[in-house]
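Written out below as structure tokens is the structure these notes cover.
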Amino acid sequence: MDLQTLTYIVVGATFALYIGIAFWSRASSTGEFYVAGTGVHPIANGMATAADWMSAASFISMAGLIAFLGYDASVYLMGWTGGYVLLALLLAPYLRKFGKFTVPEFIGDRFYSKGARLVAVICLIVASITYVIGQMKGVGVAFGRFLEVPFEIGVLVGMGIVFIYAVMGGMKGITYTQIAQYCVLIFAYTVPAIFIALNLTGNPIPQLGLGGSMADGVALLDKLDMVVTDLGFAAYTAQKGTTLNIFLLTLSLMIGTAGLPHVIVRFFTVPKVADARISAGWALVFIAILYTTAPAVGAMARLNLMDTIQTGEVGAADGNLIYEERPEWFKNWETTGLLAFEDKNGDGRIQYYNDKNEEFAAKAASFGWKGNEMVKVDRDIMVLANPEIAKLPNWVIALVAAGGLAAALSTAAGLLLAISSAISHDVIKGMIAPGISEKKELLASRLAMAGAIAVAGYLGMNPPGFAAQVVALAFGLAASSIFPALMMGIFNKKMNREGAIVGMLTGLSTTLIYIFWFKGWFFFPGTEMAANTPDNWFMGISPEAFGAVGALLNFIAATIVSKITAAPPEHIQHLVEDIRVPKGAAAAVDH
Amino acid sequence: MHDLSLATEFLHTAPPFNTLDVDELQSVARKLEAAYYPQGKTIFSSSESAGLAVIRKGAVRLLDEQRRFLDKRSEAELFGHRIWFHGEQKNYVAEAEEDCLIWHLSEAGFNELCERNPLIGEYFSSHLKTRVSAATQVSHSVTQIRDLLRRGPVLIDSTASIRQAARLMSSENVSSVLVMQDQALVGIATDKDLRQRVLAVDLDPAKSIASVMTEKPMTLAANSGVDEALLLMMRENYHHLPVVEDGEPLGLVTAGDLLRSQSEHPLRLVRDIHKKQSLDQLVHLSRRLPSLFERMVNLGRDVEQIGRMVTHITDAFTVKLIQLVQQELGEAPMKFAWVVFGSQAREEQTARTDQDNGLILERKADEEEVTYFAKLSEFVCDGLDQLGYVYCPGEIMALNVKWRVSLAKWKRHFDQWIDEPEPKSVMHSSIFFDMRCVHGEKHLVDELLEYATKRAKDNRIFRRFMAANVLSHRPPIGFFRRFVQEDDGTQSEGLNLKHRGIVPITDLVRMRALESGVKEANTFSRIELATQAGAMNESDANSLRDALILINQIRLAHQAEQMKNGQKPTNFVPPEELSHLMRRNLKAAFMLVVEAQNALALRYQVH
Amino acid sequence: MLQRWRHGRRCRKLAGFSSAPELSNYLESCASLAADRLDNTPLISVDLELTGLEKEHDKIIAIGWTLIEDGKICLGSNRHLLINIDKSVGASAAIHELMDSEVAAGDELEFGLAELFRAAQGRIWIFHHAGLDVGFLKKACEQWAGVTPGFMVLDTLRIEYRLRKRREVPVKQGDLQLSEIRRVYGLPRYTAHNALIDALATAELMLAIGSRMEPEGSLKLAPHLKFF
């Protein structure tokens, strides 16, 4: 059976599974009385949370990022994992005690201000849409490859499917669907990784394979370092950015995670706070399975790619792959436009090297190379192309496609629902037209959803970076605006409305401006104020990492403003105290 | 057979035409024109024409210019003439509430009728007093208490002596006087008071009447309806109530007056319940329930009214059982309240219903007190079961020791449900949020309700759990808007109108009530209050109310039919039994519910 | 369109041959009869009581009718005529509850027809199950005036049947009885069975059907007409 048919079958079968489970669980819940003691086991709930958490960025982009950025990309791993822990331990329990399940709602009530709520809503909408851009990009890559159409068409197809999926409710909240998605996703991710690890190192566990050695006795990472430096690329294991930048980027990712609505909600769907913590722990385990596999997948994919193109000695006349003999996967990805070759020296062979490295460029010229001929290698294709590069069976390749779509769709749908609900409920019903009918509210949410998809789709085609970096931007924005407001709302009872609003605006605007400065206003190419290079960055801080700085500015501005304006009302201060005191303590007294 | 006998026979049943002789009826009938109006169609606007309309079949609602509901008219009732609504004459629009067959009499015909028949003319005249007297003569069913007052109030100043009061009462030939102070009603003194508080204890009749009167008596507003007044009197067991308007007494109304005005009234049963002295007698009375229910449905009483009446009968049984058991057990050792939940609390009971109740105690009970309340609950719950209110399958009954606890414990129950919303407790709490005191200390219930409502209002995470629970009851509409019928594996049972129609609506409305902190339990009242509080859009409120009425009407009609055929009433209605139009209406009603559920899902992000 | 023109032409032609002036006038009026909407077209709803279903040897024993003006039934126009027949009503008495003695006290058929066609002048007919009644009327007219007049008819049974077929509602035996359809439309139940009550019942049903089919405006009659 050819790959395309097989992909259709596997993707179709997994979707049929999700929908089937959704129907089954919906149909079986209409009894008059619950059977006592029903509830979702924390392990199951942990899997569901993990499926929510892992998006196209985790599934598709992270390994690609690691493949090309090497060691530096570990910030994404650390940042997101750390952020998750922060959310589970520091934020969710308090929000829950406050009885609010969206961040804008908490901020609006805590700072007794519709204005503060509006700012929070806007921050979240911006952050969420940016996050959706990443998902659209991932969906576009997957569809482009498997429908064998250009990437842009793939994005359009993805937009349509995401809209339908989200309007159908995304099957969100149905725990067993989420579990199924997790299983598909993790299976799709680890199976190829195991095959490749076996091929390269003889060790079936990718995580161990990464640290192990290859058949010829050379350590895998050493081999990779050698291969890439031979072609003028920076060593795979080297640290490229400044330590400050890496630290801030990690921090931004961590605190930026805090406000993302689709994950927070998961903590409120279990009856007890304790259960929520246990499932958060399990979720961490399930997330770790993918996150720890990602570095191995990234490194091995890079090695395989290099080996495929650089078939022999660097500089030898027959050391490079002949274009006409390129493998099938190469041709397939060419049709998407995400992989492009240009025969600059006319020798019919592919030279893939770092022509930005002047030292190596001179050496390359002596080989008769006239520049890097792989004019486009989109990093997001790595995970999807990996099994093909490693010549794995077709069903593995099809499975990866299904996994990628599951990851992208579930996250995108969750976010789009949160966005549309924020716009229709918080903004339109809450502020603009309180008397609006439910029908119009629903219509508004659908329009908001369509609008968000259109924006995300457009920006997915004209991305300000690759998927994971786009997402990093979203986190940066959330980090600079929402996280400080949440922290101050929970832990500083003197923080008042004025402080919170000024703080949020300060954090958001400085971060946004910093990002636009280097990436173009609203990401329109050509509108950058300065080249996006480390020399131009403020103290060497990249736009992705600036969120942490924005958060700091937010804290400072909020504290100053709250000191010079009136303290919050008495009942709010009491409320803040109550949140931090266990409820049972007060209730036990009158026993 | 006479050419017009069909018309005259019917007219003869419709007041005030029943006072006319056959010749007069014929001359009226000759001028009638019959017209048919489908549901929802505007029949008439009083500003355009002043003819008379007789409802031959169907029901009509009268709306004011802002399309607010004024009154409803059903078969053999009239409209079209100038009508007084709550003491005010208004222009109104008549709209077919059901498909209607209306007989019209032109303005000229109507004027001629009034001229030729002074009594009829008087009946339709807008003057209050003549209307009342005409009403008694033609025994038209009156709607307002003011219409029942036969004489003005007999007033006496609070400084007057008991002797003066007694003389006034005998000279006016009344059994009670209203005691006034500074133009305000401060008390009521009755024959019984004079007997028990004066003669029996040898009180000096020169003392002030204020010393023996009943202070601050309960009053009725002049524009209250007869049903409302009856309910109040039955519930509180009063025989006389002063009627006031703007604080000024207009007269006195007695339970007899009220009952006489309504020759056949379900609340007579309530009165009978009060008179019975043993469980066996009550069981005997309860056999009247099915036929009573059937009659209420067939009389075309509206759904809200039926719910309230059936519930008040249940309440009366409950109270009577408590009184009976207390005669045996003696006074309760502490204050308590008998609280009911679910449909009884919402005053939305229908034919078949189970009991949901509990006891709220003032404080934690000691061993002896525990036994007292255990005995009390056992008697009442068992009694209710014998009366046909079967045990609650979820054991939400005072019989269950868990639901027979102190106010503080009840609050902790709510705390636990709200803080740790397990699926079972969410389901529980949806029943418990509909709460009403039936007997005992009302303030205990009020306090609990206040507490629970506030906690639910402040906690959106809990409400999200409730929303998820609400969304588990979906209307029986599948893909392509087709009906989904329940089946028990062997055969299709029809549409489950209760669980998939009425429950979703009451649930949706409860959500709205909790969002806006409304403490009322009745669904119609909740809709109104939530709309006032701005939590509900007016058109959404109307949609849900209409859907609830429609689904309930279909269900009630079906149940009445089943009872008539000697079957047990169920909530399953096979769609084939409905007319095409009804099916379409039902579908539309279900779609309204689906829409409201979708909006709820959006609001709480539950899918 | 074509049917109506043919009907008009036939009526005009027949008018000259009729020996009864009432029928001639009726036929004249038919020639220029306009059928617009239910609420502006004059109508006459008619029902006959018969001794049986065979027009060859069964007789008309009662005629009842009522008129509809401007979409309203004029109760004052109700007429019920008993027809004197020579023979016994026989077993049919079980249905119409008319006894030989009552029938004998009735009017002559000629008088009944004259009254009926005078009332029907300029009106479209309404029947429930028109075929039977029209058949009897045609035959009676032939004997009375020597012509078989044309009828422009709204048949409530046929209209309802076509309505249900269009909505794919299965139609069972007995579903299309007048009382059964009326029940579906929520119209009052008439216990007595007589020509006037049935005519009135049919008229009410016609109004009900019309307002259901056209809840906002008024039903256009042309598509529902049948010509005999």
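Please go through (1) farther than 20 Å from A:Ser424 by Cβ; (2) in a helix (DSSP H, G or I); (3) within 14 Å of chain A (Cβ to nearest Cβ) for B:Leu495 and return the number of the only condition it doesn't satisfy.
Result: B:Leu495 fails condition (2) only.
Do you know which residues across the stretch B:158-196 are surrounded by 15 or more Cβ atoms within 10 Å (Cβ to Cβ) and in a strand (DSSP E or B)?
B:Ser161, B:Ser176, B:Val177, B:Leu178, B:Val179, B:Met180, B:Leu185, B:Val186, B:Gly187, B:Ile188, B:Ala189, B:Thr190
Looking at the structure I just gave you, is C:Leu154 more than 22 Å from C:Glu214 (Cβ to Cβ) and either touching a residue at least 40 places away in the same chain (Cβ under 8 Å) or small (Gly, Ala, Ser) (or both)?
Criteria not met by C:Leu154.
Just give me the residues in the stretch B:356-389 being surrounded by fewer than 16 Cβ atoms within 10 Å (Cβ to Cβ) and within 14 Å of chain A (Cβ to nearest Cβ), in sequence order.
The answer is B:Arg363, B:Lys364.
Would you pick out the residues in the stretch A:330-362 that are more than 20 Å from A:Asp225 (Cβ to Cβ) and of a type in the set (Phe, Trp, Tyr)?
A:Phe330, A:Trp333, A:Phe341
How about the stretch B:512-557: which of its residues are among the aliphatic types (A, V, I, L, M), in a helix (DSSP H, G or I) and touching a strand residue (DSSP E or B) at 6+ places or on another chain (Cβ under 8 Å)? Before you say what the answer is, go through the steps one by one.
First pass over the stretch B:512-557, keeping only residues among the aliphatic types (A, V, I, L, M): B:513-514, B:518, B:521, B:527, B:529-530, B:533, B:535-536, B:541, B:544, B:547-551, B:554, B:556-557.
Filter again for in a helix (DSSP H, G or I), leaving B:513-514, B:527, B:529-530, B:541, B:544, B:547-551, B:554, B:556-557.
Matches in the stretch B:512-557: B:Ile554 only.
For the stretch A:336-352, give me each residue that is surrounded by 16 or more Cβ atoms within 10 Å (Cβ to Cβ) and within 27 Å of A:Gly140 (Cα to Cα).
If the condition is that a residue be surrounded by 16 or more Cβ atoms within 10 Å (Cβ to Cβ) and within 27 Å of A:Gly140 (Cα to Cα), then A:Thr336, A:Gly337, A:Leu338, A:Leu339, A:Phe341, A:Ile350, A:Tyr352 are the ones that fit.
Can you give me the ranges of the helices (runs of 4 or more DSSP H) entirely in the stretch A:35-115 with at least 1 residues that are within 13 Å of the chain's Cα centre (by Cα)?
Where helices (runs of 4 or more DSSP H) fall fully within the stretch A:35-115 and carry at least 1 residues being within 13 Å of the chain's Cα centre (by Cα), they are A:42-53, A:62-69, A:74-86.
Can you find, within the stretch C:198-228, the residue that is farthest from C:Ala35 (Cα to Cα) among those that are in a loop (DSSP other than H, G, I, E, B), more than 10 Å from every other protein chain (Cβ to nearest Cβ) and over 13 Å from the mean Cα position of the chain (by Cα)?
Out of the qualifying residues, it is C:Gly217.
What's the number of the only condition in (1) within 12 Å of chain A (Cβ to nearest Cβ); (2) in contact (Cβ under 8 Å) with a residue 60 or more places away in the chain; (3) assigned to a loop (DSSP other than H, G, I, E, B) that B:Lys457 fails to meet?
(3)
Does the stretch C:36-62 hold any residues that are more than 16 Å from C:Lys138 (Cβ to Cβ), out of contact with any Phe, Trp or Tyr (no Cβ under 8 Å at 6 or more places or on another chain) and not β-branched (Val, Ile, Thr), and which are they?
Those that are more than 16 Å from C:Lys138 (Cβ to Cβ), out of contact with any Phe, Trp or Tyr (no Cβ under 8 Å at 6 or more places or on another chain) and not β-branched (Val, Ile, Thr): C:Asp36, C:Arg37, C:Leu38, C:Asp39, C:Asn40, C:Pro42, C:Glu49, C:Gly52, C:Ala62.
Test B:Leu550 against the criterion of being closer than 30 Å to B:Lys457 by Cα and more than 14 Å from chain A (Cβ to nearest Cβ), and give yes or no.
yes
Each row is one residue, and each column tells you yes or no for (1) within 13 Å of chain B (Cβ to nearest Cβ); (2) modelled with pLDDT under 80.
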position	(1), (2)
A:Ala235	no, yes
A:Thr242	no, yes
A:Leu251	no, no
A:Gly256	no, no
A:His262	yes, yes
A:Arg266	yes, yes
A:Pro271	yes, yes
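Looking at (1) in a helix (DSSP H, G or I); (2) within 14 Å of another protein chain (Cβ to nearest Cβ), which is the only condition C:Ile159 fails?
(2)
In the stretch B:390-429, how many residues are in a helix (DSSP H, G or I), away from chain A (no Cβ under 13 Å) and in contact (Cβ under 8 Å) with a residue 12 or more places away in the chain? Before you say what the answer is, go through the steps one by one.
First pass over the stretch B:390-429, keeping only residues in a helix (DSSP H, G or I): B:401-403, B:407-419, B:423-429.
This time we only want the ones that are away from chain A (no Cβ under 13 Å), so: B:401-403.
Then keep just the ones that are in contact (Cβ under 8 Å) with a residue 12 or more places away in the chain; that gives B:401, B:403.
Total satisfying the criteria: 2.
For the stretch B:514-528: of the residues being aliphatic (A, V, I, L, M) and either in contact (Cβ under 8 Å) with a residue 24 or more places away in the chain or surrounded by fewer than 20 Cβ atoms within 10 Å (Cβ to Cβ) (or both), which is nearest to the other protein chains (Cβ to nearest Cβ)?
Among them, the one singled out is B:Leu514.
Identify the residue in the stretch A:416-447 that is small (Gly, Ala, Ser) and in a helix (DSSP H, G or I) and, among all such residues, is nearest to A:Pro104 (Cα to Cα).
Among those residues, the one meeting the criterion is A:Ala422.
Give the stretch A:445-458 a look and list any residue that's surrounded by fewer than 22 Cβ atoms within 10 Å (Cβ to Cβ) and not aromatic (Phe, Trp, Tyr), or say none.
A:Arg446, A:Leu447, A:Ala448, A:Ala450, A:Gly451, A:Ala454, A:Val455
What tally of residues in the stretch B:573-602 results from selecting those that are out of contact with any Ser or Thr (no Cβ under 7 Å at 6 or more places or on another chain) and within 14 Å of chain A (Cβ to nearest Cβ)?
Final tally of qualifying residues: 11.
Would you say B:Glu33 is within 11 Å of chain C (Cβ to nearest Cβ) and at pLDDT 80 or above?
Yes.
Consider A:Phe247 carefully, then state whether it is closer than 30 Å to A:Lys97 by Cα, aromatic (Phe, Trp, Tyr) and in a helix (DSSP H, G or I).
Spelling it out, it is not the case that A:Phe247 is closer than 30 Å to A:Lys97 by Cα, aromatic (Phe, Trp, Tyr) and in a helix (DSSP H, G or I).
Give the number of residues within the stretch A:410-425 that are touching an Asp or Glu at 6+ places or on another chain (Cβ under 8 Å) and at the interface with chain B (Cβ under 10 Å from one of its Cβ atoms). Explain how you work it out, then say what you get.
From the stretch A:410-425, those touching an Asp or Glu at 6+ places or on another chain (Cβ under 8 Å) are A:410-411, A:414, A:424-425; that's our starting set.
Right, trim to at the interface with chain B (Cβ under 10 Å from one of its Cβ atoms) and you get A:414, A:424-425.
Final tally of qualifying residues: 3.
What residue, of B:Leu20, B:Leu11, B:Leu4, B:Leu32, is surrounded by fewer than 21 Cβ atoms within 10 Å (Cβ to Cβ) and in contact with a helix residue (DSSP H, G or I) (Cβ under 8 Å, 6 or more places away or on another chain)?
Just a single option satisfies the conditions, and that option is B:Leu20.
Would you be able to tell me the number of residues in the stretch B:525-547 that are closer than 19 Å to B:Leu586 by Cα and of a type outside the set (Asp, Glu)? Lay out the reasoning, then the answer.
So in the stretch B:525-547, the residues closer than 19 Å to B:Leu586 by Cα come out as B:539-547.
Keeping just the survivors that are of a type outside the set (Asp, Glu) gives B:539, B:541-545, B:547.
Of the residues in the stretch B:525-547, 7 are closer than 19 Å to B:Leu586 by Cα and of a type outside the set (Asp, Glu).
The values are calculated or read from the model by the stated rules, or taken from the named source; none is laboratory data. What you see is a predicted model, and the numbers here were worked out from it, not measured in a lab. Because the Cβ atoms are built from the backbone with ideal geometry, glycine has one as well, and the counts that use them run over all protein chains shown.
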